[in-house]
Amino acid sequence: MSIKYLPQKKLWLLETKNTSYALGLDEQGNLHQLYWGQKLPYAEDYPLADINCGQSSFDFREGFAPLEYPAWGGLIYSEPCLKAVLPGDVRAASLEYLTHEIEQAGTGKSQEVFRLSITLKDRYWAGLQVRLCYNVYYEFDLIGKHAEIINKGDKAITLESVQSGIWNLPEGDNYRLTHLTGKWAGETQIRRTVLTEGKKVLESRRGPTSPHANPWFAVDSGNAQEEAGEVWFGALRWSGNWKIVAEQSPFSALKVTGGINDFDFAWELEANDAFKTPEFIAGYTDRGFGAASRQLHKYQKKHVLPADGRDKLRKVIYNSWEATYFNVNEADQMALAEKAAATGVELFVVDDGWFGQRNGDNAGLGDWYVNAAKFPNGLKPLIQKVNDLGMDFGIWVEPEMVNPDSDLYREHPDWAYYFPGVPGTQARNQLVLNLAKKEVQSYIYNFLDDLLSNNNISFIKWDMNRHFSEPGWPEAPVKKQREIWVRHTLAIYDIVGKLKKKHTNVIFESCSGGGGRVDLGILQYMDQFWPSDNTDAFDRLKIQEGFSQAYCPKTMVCWVTDSPNYVNGRKLSLAYRFHSAMMGTLGVGGNLNHWTPEEIQTAKDMISQYKEIRGTVQEGSLYRLLSPSAGDLTAVQYISEDAAEVLLFIFLHSSQLGTGKRTVRLRGLEDRALYSIDSQEQPLSGAALMYRGIELDIKGDFESRLVRMHKIEK
Ligand code: GLA
């Protein structure tokens, strides 16, 4: 059984393949987290919940205990999960156990999800109930938690903070937090910091997820490595304002609390209504950061990605952005499409500039009609041409935005967020539409539904090129105005969800000026991410390394673009650019009109090679062997699902100081199996490849290799 309730001990045990998570009640009915880590053999191994653990009037019981879902009130001073204003302006709550339900106990053998819910209620106002819901992803050693705040009373209450949950770590002092930071053109950079008493807050207050921090964390005891050591890790399934708080008490207790950011948040919860938080998913491994990533990757491929595209391999994309910028038109796009098809591209995407009066970033957003000067016959002839060339057609949109210079804004200035009397602050000459408004939601859904219904479009790149400002919704009752932070995100989920239901074969790509909306929340609705506008193949190694901590390679779109790169002027060989981009979902984004016949031939060869290996890249297991931050050699390995194919991508920054041949040690192979290696005659055993390593003759600056290995069947 994966979920057990032991009534004598008042203990719930949630077990995955290798880990367990225990919850228990103390004598006063408070719910505690009792344990999280390596699976323990006996029920007696788990402690009892103890509320009498304080040691002074300043460090008192409930403030001390690892409560599972503390509401602010009483002597709780740490980050609360719930802060609510109850009837009578009571600004505190106190939760005790009411009931529980094991919805799906399971056998613990399959890839099913097992479910438990525990309902708490307020001790003093019977109207407040909190239902804590647990999903146990047995096979992947992950547990997801979310909460539903239910108003069973007859008066509205105000929620000021509703977190998804807390993960309490075992007592310890040397915890280290690994997190992802970034900026435009420099997303998902790995940072590691030792935690001391106090809080480290990772968050977005900007509307979407943001490139500056990503809703993922990993904590280790100070000495974990890529493939060894204890790591507790997690991620939020949410694309709006979020926060993850790592809070260390003076008593060696570490809590990681996460959910919707409570900054400027308030939610009016009407009688008989409920508020559901996003899921906070987390896991434990004693096999290092690499294993943690692989658990998350497998889980998202099985449980998060939209079902229709989940098992399909991603196609090779061509995207016109860096080739033509806003200067798109029928003839030029047709010419590019011909070249793209000749290299083996399978999906041709027209980026920004095809609609409204969109000749630059100063006008047109919001006017989703085809620009007649650029496409006098509409999109159909181009789509037909692309289809005739054997490719799917895709298109770029930025539905949440409006340029003040647009028909939409002239007609509906109140559709953007605004505070009365305050001019809207523009960024990239645009304002954010208020997606809390039903009429704005309908407008967006309808234009996209029309676009998809009237054209043979298989792919949408959904962009968002600025963050919120003046987040006002003056038309709504005052008590509801701060709900926009959540309503905006829910509206996107709703719109894309409905579109996906109707247009089942359309693949969606989540983009926000690059990797500004990369999270597990949007991944329930969109199939892949644009990780960065930085397409420099060397910079991408670090961006992709950080991205891969939490997100699987299938969702990581990488284009091969022109050299020198527009972001940093770096010149790289075409092979290096391809190798870097082949580590995720491959695309091409250069101006193919300027590529020489030799370059087109190289592209053709590389794309055809990618098609042979993409099953392993997109569906296999990823091992980060050598980090681009650690030395001059970067190495990433993939093993196919059936363990038969092994790929090794190698990148050398620059040869220095007479370094000779290089040896790279592989991971995750079968000791006694023999592997053929495409770069040498002699096969080697898995053990030799892992413990002795593979020798590579690689010299020069910005050199790269792809080594393919195959297990030899006996
Ligand atoms: C953002 C995206 C780019 C491109 C432009 C178009 O910056 O990240 O890929 O689509 O917008 O304006």
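Each value in this text was obtained by applying a stated rule to the coordinates, not by laboratory testing. Predicted model only: the values in this text are computed from it and were never measured. Reconstructed Cβ throughout: ideal geometry from the backbone, glycine too, with neighbour counts over all protein chains shown.
For the range 8-144, averaging the sequence separation of C-alpha pairs within contact (under 8 Å, six or more residues apart) and dividing by the residue count gives a relative contact order of 18 percent. Between rounded, prolate and oblate, where does the chain land on the alpha carbon gyration tensor, with a ≥ b ≥ c its root eigenvalues, rounded for a/c under 1.5, else prolate if a/b exceeds b/c? Judged from the Cα gyration tensor, the chain comes out oblate (a/c at least 1.5, b/c at or above a/b). Sites listed here are trypsin sites (Lys or Arg not before Pro) in the range 503-595 whose DSSP assignment is loop and whose Cβ has at most 16 other Cβ atoms within 10 Å: 570, 571. Length gained on full extension, residue 661 to residue 701: 13.0 nm, using 0.36 nm per residue less the C-alpha separation. Placing a label point 7 Å from the Cα of residue 612 along the Cα-to-Cβ direction, the residues of the range 581-606 with a backbone N closer than 12 Å are 605-606. A Cβ-based charge dipole, computed about the Cα centre of the chain with Lys and Arg at +1 and Asp and Glu at -1, lands at about 600 debye. When the chain is described by a simple charge dipole with +1 on each Lys and Arg Cβ and -1 on each Asp and Glu Cβ, the residue from 128, 683, 98 located farthest towards its positive end is 683. Taking 0.36 nm per residue of separation and subtracting the Cα-Cα distance, full extension of the segment from residue 273 to residue 160 would add 39.1 nm. About its Cα centre, the dipole of the range 232-296 is roughly 500 debye, where the only charges are +1 on Lys and Arg Cβ and -1 on Asp and Glu Cβ. Using just its DSSP H runs of length 4 or more, each adding -39500 (n - 2.57), the chain gives a mean residue ellipticity at 222 nm of -5500 deg cm²/dmol after division by all residues.
Secondary structure note: in the chain, about 85% of the DSSP beta bridges are antiparallel.
Less than 5 angstrom separates the built amide H of residue 161 from those of 83, all sequence-distant by 5 or more or on a different chain. Relative contact order for the chain: 10 percent, from Cα pairs under 8 Å spaced at least 6 residues apart, divided by residue count.
Which residue, 258, 290, 326, has the largest displacement toward the positive end of the dipole of the range 253-349 when charges sit on each Cβ (Lys, Arg +1; Asp, Glu -1)? Value: 290.
Distance between the pseudo-spin-label points of residue 6 and residue 372 (7 Å out from Cα toward the beta carbon): 7.6 nm. For residue 629 and residue 678, the difference between the fully extended length at 0.36 nm per residue and the C-alpha to C-alpha distance is 14.8 nm. Set the Förster distance to 56 Å, then compute FRET efficiency between residue 566 and residue 27 from the Cβ-Cβ distance, nearest 0.05. The computed FRET efficiency comes out at 0.30.
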